[in-house]
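Chemist: Dropping the structure in here first, questions after.
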């Protein structure tokens, strides 16, 4: 029977995964839509007076060089008073659109103060934005001009007021001690009676502006013309063309605050003001406001105002700041007018200008009020008499004024020669009230009737009065010491300030004396350099007959004296130094002054190295090698040139600096250097210096390299502990005996072809050589010093025979015929000494140092048959 399966019921799923795809697509589409709307940009409208320079689709909006939007539309406003410029800003600029945000059009603009918007000249006009604070906003009114300070500036903004604009303009610079520290960024009219300037001071200079700073106008030229001369002052070329403001500050005052207001004064004198006080008198009949306060003919202040008081009349007065030190508690003031007498009229101009107030300086703290005397007070003190000296007269005659800070303080009484006619002596008097100005170390400088100082900072032309031109004048320069000068001591008078500064610098310099074999091309005032910066000068070059060298006196400026230490070295500079090698050519040119006058350089060795501070080296190479100078005397026939090397066993240990023929024409004096690392053993008094030159003979060529390089000096170290620097040299090489070799003497009637270096041959092998040849004391024989090398010394003993191998020997007999004896080609050309030994070497037949052998003229054939079994005894 067939079994029927029971059907399975499957529950249908409520959600199929396929429906996730439409949901994801819907979410992605929504996100893209929102992103598109968000990044589509922000619409902003700006009102401009006109659309000049603005193009739809072309004019961009920039912030600090970054494009953040562009112009999309331009339309006329409803009141026909301008245009609306619609911008499409980058969506990321939304946080910048606030109430205080500013927009303005940037166009190229050139003025006398400079060029603005230079980038717009190439990229076209653009709209700039400066973000501000406040709530969100998308409608703005454009600024007429750029904000005074660029975004991100951290300087100090201050306000300056003036009654008139003058030469000042936007961009005019603000100076402090002639250094530009800021500029004028804007100005506007305030209350129709003054100009308010906004000035920007750079951050690094903002601390210079104090609460009590004084500002004054330095625009254009300042011309002061009077009977006493003409003065022309300028600040800088930019201030002449574009105007400028300068200021002064007190160091103890607090720093100025932001937007603090200052007044711009007419000039520096009005800005800095002076000391104010009052003068009291019974009436004002003889004095009026504006009258000058005069000291010895110079106006130092004026009467500013007159008041009526219960006791009489009070005059407000002021004295300029530069003369403030003259005012003291015992200062005196009196009326002074024109002086009429039978001899003429003195101060005739006062008949027109009125009386002046004469002034007598005092000491101590000044008072707030002084009595005005009717006539000059009596002087009870006597003047201070001083003596001045100068090498020549700089145009000063009797009656010339003595001045301090251009204020007369005395006069010249007499000018005459010194008793020994070595110079001029001046007798001057200093008025009593100025005697305290003369200190120890004070000196005087002659004034010039016309002085012109021109530089990039400006041009200053100063002229003096007619008296300075006709009689001359001298100015006092106080010494640093506050101690009173000795009236009996003569003080120096210099022709000009430069001469005075040079002489004082010379006195304060560190003095060093160097030795040099020649003058090194130097003279007084030759510069001294350290790393090509001048640090002093040569003060003198003198010949020293006792040591036959030159003394070079150096003066190192005081601020560089610390450079002179144990590791210091000095060398002279060449005008041009060329170093050529495979790596290239290096040309070192000395500074112009040093090339013309000659110069000296100072250098420092490594910290632990000790230099020589008493010798002037010929070059930097010798100086840094710590070379030791020596002198060698050779025969006049010596061929040697400057810069020839000094060598020991082929190694250069020094060099020749100069070769000079002696006065008696019999010798040459060689000035040379030994490098410091090798100098000690070659300074011993038994060191031997000799000339090495090429020698061409039949035996060959020795020192062949000197055919190209020229002769050089060779040296053998000494053993003595005594060091010297002067040596006697030899043209011939000294005999060099090997202490380990076997040494003995050969004698012959004639030298023949034997010479130093002739080989000693045993069975065709060289075993030694001739070291020295000389005549015997009796002159009857020739003594030949021979040496056998240590390794062959056992081949020679007292049974040995020596004969001359040189040349060709021919023996012709009537019956025997001709017999010809020759050695090797070398012995035929160069010569040689043959040796044969009959018996083996033992302790009994060994050769002593004083052993003497006869040199046979020819060989005995039996000698060649000797063949002992030689064994080394070592």
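Chemist: Along Cα→Cβ, 7 Å out, is where each label goes; now give me the distance between the ones at residue 298 and residue 842 in nm to one decimal.
Modeler: 11.7 nm
Chemist: So if we plug the beta-carbon distance of residue 20 and residue 91 into 1/(1 + (r/R0)^6) with R0 = 35 Å, what FRET efficiency do we get, rounded to 0.05?
Modeler: Efficiency, from the Cβ-Cβ distance: 0.65.
Chemist: Which order results if 546, 667, 194 are arranged by neighbouring Cβ count within 10 Å, fewest first?
Modeler: Arranged by neighbour count, lowest to highest, 546, 667, 194 become 546, 194, 667.
Chemist: Among 571, 19, rank each residue by its count of other Cβ atoms within 10 Å, from fewest to most, as a rough exposure measure.
Modeler: Arranged by neighbour count, lowest to highest, 571, 19 become 19, 571.
Chemist: Per 0.36 nm of contour for each residue apart, how much would the distance between residue 507 and residue 308 grow if the chain were fully extended, relative to their Cα-Cα spacing?
Modeler: Full extension of this stretch gives 65.7 nm more.
Chemist: With a 10 Å radius around each residue's Cβ, average the other Cβ atoms per peptide and rank 205-216, 625-636, highest first.
Modeler: Descending mean neighbour count gives 625-636, 205-216.
Chemist: In nm, what is the difference between 0.36 nm times the number of residues separating residue 189 and residue 725 and their Cα-Cα distance?
Modeler: That pair, residue 189 and residue 725, stretches by 184.2 nm at full extension.
Chemist: Just to be sure I understand the model, the point goes 7 Å from the Cα along the line to the Cβ. What's the resulting residue 775 to residue 763 distance in nm?
Modeler: Using points 7 Å along Cα→Cβ, the separation is 4.1 nm.
Chemist: Label region 628-728 by shape, choosing from rounded, prolate and oblate, from the square roots a ≥ b ≥ c of the eigenvalues of the Cα gyration tensor; if a/c is under 1.5 it is rounded, and otherwise prolate applies when a/b is larger than b/c, oblate when it is not.
Modeler: oblate
Only the coordinates and a few stated rules stand behind these numbers; no lab work does. Keep in mind that this is a model prediction, so the values were computed, not measured. Please note: Cβ atoms are built from the backbone with ideal geometry, for glycine as well, and neighbour counts cover all protein chains shown.
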